[in-house]
1. Label points 7 Å out from Cα along the Cβ direction at residue 187 and residue 124: separation in nm?
2. Counting only helical runs of four or more DSSP H residues, what would the 222 nm mean residue ellipticity of the chain come to if each run contributes -39,500 (n - 2.57) and the total is spread over all its residues?
3. Choose one answer from 160, 117, 36: the residue with the largest mean-square fluctuation in a GNM of the chain with alpha-carbon springs under 10 Å.
4. So what does log10 I(q)/I(0) come out to for segment 36-126 at q = 0.15, 0.19 Å⁻¹, using the Debye formula with one equal point on every Cα and no solvent?
5. Before anything else, pin down the relative contact order of segment 1-79: Cα pairs under 8 Å, at least 6 apart, normalised by residue count, whole percent.
6. Suppose each label sits 7 Å from its Cα in the direction of the beta carbon; what would the residue 82-residue 1 distance come out to in nanometres?
7. Computed from the mean reciprocal separation of all distinct C-alpha pairs, what Kirkwood hydrodynamic radius does segment 106-191 have, in Å?
8. Checking a compactness column here: for segment 103-155, what do you get for Rg(Cα) / (2.2 N^0.38 Å), N being the number of residues?
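Taken together, the values in this text are just the output of simple stated rules run on the coordinates, not laboratory data. These numbers come from a predicted model, not from an experiment. When we count neighbours, we look across all protein chains shown, and the Cβ atoms used for this are built from the backbone with ideal geometry, even at glycine.
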């Protein structure tokens, strides 16, 4: 079972991201569940959302405490919330930031840590600073948890018309961006 925890702030689409990821898994004929964890937070307050994907029915119903991967939608959370709590050793981390992992002080993590300028991509494609779909494209490239085509279908199904097309394009650009970063990292490690 693949488990991901998404950290964001109210209004950034963390809950929607978990739902879109689960729908992408359904498109592939897999089992998935997505759910949020928040109280009476308001826009801007820290929020978590969870997604599980498996080839078999998923019986567990509690929050993801030992995620296989993390998505951080707002880099300011790195210093406000223990976002790395429970992350499996070597688990990949994807952070919304135009700065590199070293600049964010994340070089001590054992797994791959990649940053994506998701807010900038969302603004360019969608006209709003909502990084959720963008980061899912990056997550798909980083982990292979779902195919990017399944993700695009889930996005278009959730957001009809131009909004769906633009969000899917943003997710695809992030997918391509992370795919290049992963290849560059593999080449650097081989040298």
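1. Modelled inter-label distance: 2.0 nm.
2. On the way: 5 runs with 76 residues, N = 191.
Computed ellipticity for the chain at 222 nm equals -13000 deg cm²/dmol.
3. Top of the fluctuation ranking is 160.
4. With no solvent term, the Cα-only Debye profile gives -0.68, -1.03.
5. Working: 159 pairs, mean separation 35.4, N = 79.
Once divided by the residue count of segment 1-79, the mean separation gives 45 percent.
6. Going by the 7 Å Cα→Cβ label model, 2.3 nm.
7. Details: mean 1/r = 0.0755 Å⁻¹.
Roughly 13.2 Å, rounded to one decimal.
8. Values: Rg = 12.7 Å, N = 53, 2.2 N^0.38 = 9.9 Å.
With N residues counted in segment 103-155, Rg over 2.2 N^0.38 Å equals 1.28.
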